[in-house]
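Let me begin by presenting the structure, written as structure tokens, before commenting on it.
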Amino acid sequence: QMATETRTHGDYTVGWICASSIERRAAMAMLDELHEPLPTPEYDRNIYTLGSIGKHNVVIACPPMGTAAPYIISMTNIFRAINFSLLVGVGSGIPPDVRLGDVVVGTLEGHNPKEMMLNPLVEAENSVHVETWAATPPQPLLEALKKIKTEYELSGSRIPEYLERLKRDSPALASRYLKSDSLQDLLFDADYGHVTPDFANLSFIPREENDCRFCDKTMTVKRKPREMRVHYGLIASADREIKSAPLRDRLCRNFGGKVLCIDMDIARIKILFPSHYPCLVVRGICDYADSHKNMEWRDHAAIMAAAYAKDLLHEQDLQILEWLTPVDYGPRHRDFLRRWQPETGLWLLDSAEYKTWLSTKKQTLFCPGDIGSGKTILTSAVINDVKTRFQINPVVGIAYIYCDHRHKETQQIDELIASILKQLTQKLFSLPDCIRQMYEKHKYGQTRPSLNEILGVLHTIIGEYSRVFIIVDALDECPTSSGCRQTFLKELSNLQNQFGVNCFATSRLDPDIIAQFRTNSISLEIRENAKDVQLYVKRYMEQLPAFTELDQWQQETMLVKVLEHVDKRYDLA
Ligand SMILES: [Zn+2]
């Protein structure tokens, strides 16, 4: 289903790179939610699909038909918050360990990367250049890999579950991508070559027809059937298609027999990468790089790789975050922000007080204001400004709350703190163990964690960031009953003093709340600002035909006169 909420380029943190439309469709089939497209520059010819998997917003990038590879640099320039990319597609497996339909994840575990990189195999005769390549996944991704490996050993993968769901939700796609009984995993002896079907009058045999129907099945290696497996290890990238078992085996020996997969797309994609680009290669195995290589397994292999990538991103995080609190301030924020006119509120964003608050750790900026002074819209402008500055910085955490007396159920101290915790967790790639432990502890008894438990976890999570911004609108709407507001103010002040958090808060002119911010914070009163009103008036007049007909001198005189009245009203003249 299409989500209607507006998102920006900065909301996307994971790149998913495909080399063909088959891989792209497999990736799309694994999205939990499809998002509306965002504008991209005309020169960028990548095909982008946006969506989410678990708590991650994902950009699927695919080159347009007939071109070599998607332009990663271009993608990361447009979607600047992307932390890393997954390269998800198909590749050739190296027997005997790897079989068709398996998944190989490129890692350098147990290998010396330099040693492995130094020995490319160059076969002049076959004009092929092969080297091992495992990109450097960022630390959080390595941790997610470790976690998923343990999970698979303990309780198996969720891949069958995803495929089952695909069958239910999109039968047409499923019939194409899921394994049918006709699909056989035949591994022929290395010295037994493929027998090309003898179509009498055809000089060209379509790839789809070039299957092994004429090959002698007694020449296959006998193996016990087994379930699909995920392997972690070396992936070799070749710049030509390899369709020869002897060449494949020579290559494998050259790399110490450690190669699990040969891939062709990476070599093309790789040259377009900035060096040390953080990414992870995931390949579904569709052939054995021998002369029998054909297209039969390609679709299925593509969906297996995509399903594994989904599992890696999914990790059941979302469920736990929802359990923390179902409250999401995002829609309300976007609604307020839409009503904001960027020129207004500049007096705040340009003020010395605001700039000091932004640049200094452990600062609180308190902005009291009268009813109707536009506090909430200004808060949305502040959130927007902080997000624009820091959203793509992985070590800066941002959380915000719009207090609203109409939403009583969300205005309880546990919910408020849990919401801050949820927002700060969402930015981390994988769910920290402390949250998982809290969840495990409470889920069976269906109990809720105490405020102290939530606070303890929150303090740990804040430690993951070098800076944290917490923005709270309308503190006066936070209820005083059962000490909610009092506790909330106390905890905010504690976060500032003990953990160096930057808080921004607005409130009506409530003496109790103002007293709380008397020490340890900067205050800046929000008034129905004269400058903002001037701007409105000026803009309004500029649209009047009678005004635009005046010459410039007359216009200016008129403006000065009108604005004098505005100033008088606001006592600023
Ligand atoms: Zn064959």
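If the condition is being within 16 Å of the ligand (Cβ to nearest atom) and either at pLDDT 90 or above or not β-branched (Val, Ile, Thr) (or both), then segment 225-246 contributes Glu241, Lys243, Ser244, Ala245, Pro246. Taken as a whole, the structure leaves Lys222 outside the set of residues that are modelled with pLDDT of 90 or more, loosely packed, with under 11 Cβ neighbours inside 10 Å, under 47 Å from the mean Cα position of the chain (by Cα) and within 11 Å of the ligand (Cβ to nearest atom). Tell me whether segment 487-498 contains one or more residues that are assigned by TED's automatic domain parsing to the domain that holds Gly397 and touching a Leu at 6+ places or on another chain (Cβ under 6 Å). Yes, segment 487-498 contains a residue that is assigned by TED's automatic domain parsing to the domain that holds Gly397 and touching a Leu at 6+ places or on another chain (Cβ under 6 Å). With respect to Gln437, is the statement that it is assigned to a helix (DSSP H, G or I) and in the same structural domain as Phe517 (by TED's automatic domain parsing) true? Yes, satisfied. For segment 398-423, the tally of residues that are assigned to a helix (DSSP H, G or I) and over 19 Å from Asn502 (Cα atoms) stands at 6. In segment 201-218, of all residues being assigned to a helix (DSSP H, G or I) and at pLDDT 85 or above, the one that is nearest to Glu296 (Cα to Cα) corresponds to Lys217. Screening Leu31 on (1) part of a strand (DSSP E or B); (2) farther than 30 Å from Arg253 by Cβ shows it passes everything except condition (1). Taking Asn384, is it under 18 Å from Asp473 (Cβ atoms) and without any contact (Cβ under 8 Å) to a residue 60 or more places away in the chain? Yes: the conditions hold for Asn384.
Only one entry in Met65, Met75 is crowded, with 20+ Cβ neighbours inside 10 Å and modelled with pLDDT under 90, namely Met75.
If you filter segment 172-184 down to residues that are part of a loop (DSSP other than H, G, I, E, B) and away from the ligand (no atom under 13 Å from the Cβ), you find that the one that is nearest to Ser291 (Cα to Cα) is Leu183. Residues of segment 225-258 that are more than 23 Å from His194 (Cα to Cα), among the hydroxyl-bearing types (Ser, Thr, Tyr) and crowded, with 19+ Cβ neighbours inside 10 Å: Ser237 alone.
Among the residues of segment 214-255, the ones that are outside the structural domain of Asp102 (by TED's automatic domain parsing) and over 30 Å from Ser155 (Cβ atoms) come to 9 in all. Restricting attention to segment 361-379, does a residue exist that is surrounded by 15 or more Cβ atoms within 10 Å (Cβ to Cβ) and within 21 Å of Arg80 (Cα to Cα)? There is no residue in segment 361-379 that is surrounded by 15 or more Cβ atoms within 10 Å (Cβ to Cβ) and within 21 Å of Arg80 (Cα to Cα). Would segment 420-430 turn up any residue that is of a type in the set (Phe, Trp, Tyr) and more than 16 Å from Leu321 (Cβ to Cβ)? Within segment 420-430 (the criterion being of a type in the set (Phe, Trp, Tyr) and more than 16 Å from Leu321 (Cβ to Cβ)), the answer is no, since none of the residues qualifies.
Taking every residue in segment 507-535 that is farther than 19 Å from Leu492 by Cβ and of a type in the set (Asp, Glu) and pairing it with any residue that is exposed (fewer than 15 other Cβ atoms within 10 Å of the Cβ) and modelled with pLDDT under 90, at least 6 positions away or on another chain, the pairs with Cβ-Cβ distances below 7 Å are Glu528/Gly372. Residues that are in contact (Cβ under 8 Å) with a residue 40 or more places away in the chain, touching a strand residue (DSSP E or B) at 6+ places or on another chain (Cβ under 6 Å), surrounded by fewer than 18 Cβ atoms within 10 Å (Cβ to Cβ) and of a type outside the set (S, T, N, Q) occur at least once in segment 346-357. Residues in segment 27-52 that are under 28 Å from Gly91 (Cβ atoms) and out of contact with any strand residue (DSSP E or B) (no Cβ under 8 Å at 6 or more places or on another chain): 3 in all.
The values are calculated or read from the model by the stated rules, or taken from the named source; none is laboratory data. These numbers were taken from a predicted model, which means no experiment stands behind them. A quick note on method: Cβ atoms are made from the backbone with ideal geometry, for glycine too, and the neighbour counts reach across all protein chains shown.
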